[in-house]
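Read through the structure below, which is laid out as structure tokens, and then see the notes.
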Ligand SMILES: C[S@@+](CC[C@H](N)C(=O)[O-])C[C@H]1O[C@@H](n2cnc3c(N)ncnc32)[C@H](O)[C@@H]1O
């Protein structure tokens, strides 16, 4: 999907107001929000905040690490990494209304010194090579067909030895996927590959896999068949369309059509440059 299609599918106007109204209706004090108050409304992936914490522990994230959250949406995972793991996080997302809303929520929680939001395409990351300790990406690559380019970009922005931490839906042993899913109304916008192929892409783009967990059973949420609360981001963004997504999600999970994987991979160091060829002294 290009930027226009991505914004048309994911984007919503008045999103900050919708989120705050939904949280107020759920009894939250919107002038004193915590990351836990916000979690149902800003962690836009299966498993919610628990899944974010799980992946952060799997990657052994430490205070001071510089993290690039690619396709970071409204910034729920980024704020969790900042508050609970001490990371410094840059969020890149192609959907402008998510970047604006994410910025507003980050400011509301007084985290702007540790979390920043930028509009950007995961396929053309506009940051210097080797800038980050961690690339974090959670339920964000499903609309992207060119996985080779996506993961090569992740490798480029990481320092050697840096970590890629991902949670991604992947194609299960039974196909095809039943639509609609959270990220696509039909197969034209959905690009899942099986775990074996994804591991191949990750290895071929310069990574060594350190951990690979199938979390399908534990990362439940509306895209896997569990209905969420009225102040859940899935309901706020998808509205009534969510009901069909929940029904399809249950089939996709139960019938093995979609798997949820959490993985951590280390960026291999580039091979040491070869010594210059020997030349014969000129006579
Ligand atoms: C399901 S949301 C996940 C958001 C966030 N990672 C989270 O877990 O809360 C998927 C996100 O992927 C983003 N996205 C899709 N294609 C993208 C691309 N090419 N570049 C950057 N972001 C993209 C969408 O804008 C959306 O915010």
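Here are the numbers:
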quantity	calculated
Filter pass, residue 91 being within 11 Å of the ligand (Cβ to nearest atom), at pLDDT 95 or above and not in a helix (DSSP H, G or I)	yes
Qualifying residue in the stretch 177-192 (condition: within 16 Å of the ligand (Cβ to nearest atom) and either part of a strand (DSSP E or B) or at positive phi (or both))	yes
Unmet requirement for residue 127, which otherwise passes all of (1) part of a loop (DSSP other than H, G, I, E, B); (2) at pLDDT 95 or above	(2)
Candidates 60, 50, filtered to the one that is at pLDDT 95 or above, outside any helix (DSSP H, G or I), under 20 Å from residue 263 (Cβ atoms) and out of contact with any helix residue (DSSP H, G or I) (no Cβ under 8 Å at 6 or more places or on another chain)	60
Residue match in the stretch 77-98 (condition: within 20 Å of residue 163 (Cα to Cα) and touching a residue at least 60 places away in the same chain (Cβ under 8 Å))	yes
Candidates 172, 153, filtered to the one that is at pLDDT 95 or above, surrounded by 15 or more Cβ atoms within 10 Å (Cβ to Cβ) and in contact with a helix residue (DSSP H, G or I) (Cβ under 9 Å, 6 or more places away or on another chain)	172
Count of residues meeting criterion [surrounded by fewer than 23 Cβ atoms within 10 Å (Cβ to Cβ) and under 19 Å from the mean Cα position of the chain (by Cα)] in the stretch 246-259	1
Options 205, 137: the member that is closer than 27 Å to residue 79 by Cβ and within 19 Å of the chain's Cα centre (by Cα)	137
Residue tally, condition surrounded by 19 or more Cβ atoms within 10 Å (Cβ to Cβ) and over 19 Å from residue 6 (Cβ atoms), over the stretch 178-209	5
Any pair with Cβ under 6 angstrom, 6 or more apart, that starts in the stretch 32-46 at a residue that is at negative phi and touching a residue at least 12 places away in the same chain (Cβ under 8 Å) and ends at one that is in a loop (DSSP other than H, G, I, E, B) and more than 9 Å from the ligand (Cβ to nearest atom)	37/28; 40/229; 40/231; 40/232; 41/231; 46/219; 46/221
Any chance residue 133 is near the ligand (Cβ under 10 Å from one of its atoms) and either in a helix (DSSP H, G or I) or in contact (Cβ under 8 Å) with a residue 24 or more places away in the chain (or both)	no
Residue tally, condition in a loop (DSSP other than H, G, I, E, B) and touching a strand residue (DSSP E or B) at 6+ places or on another chain (Cβ under 6 Å), over the stretch 150-176	1
Test: residue in the stretch 39-52 that is over 20 Å from residue 237 (Cα atoms) and away from the ligand (no atom under 15 Å from the Cβ)	no
Residues of the stretch 77-88 satisfying the condition of being crowded, with 17+ Cβ neighbours inside 10 Å and either within 25 Å of residue 5 (Cα to Cα) or away from the ligand (no atom under 11 Å from the Cβ) (or both)	77, 78, 81, 82, 85, 87, 88
Test for residue 5: is it in contact (Cβ under 8 Å) with a residue 12 or more places away in the chain, within 17 Å of the chain's Cα centre (by Cα) and assigned to a helix (DSSP H, G or I)	no
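The values are calculated or read from the model by the stated rules, or taken from the named source; none is laboratory data. All values derive from a computational prediction rather than experimental measurement. Every residue, glycine as well, gets a Cβ built from its backbone with ideal geometry; the counts of neighbours run over all protein chains shown.
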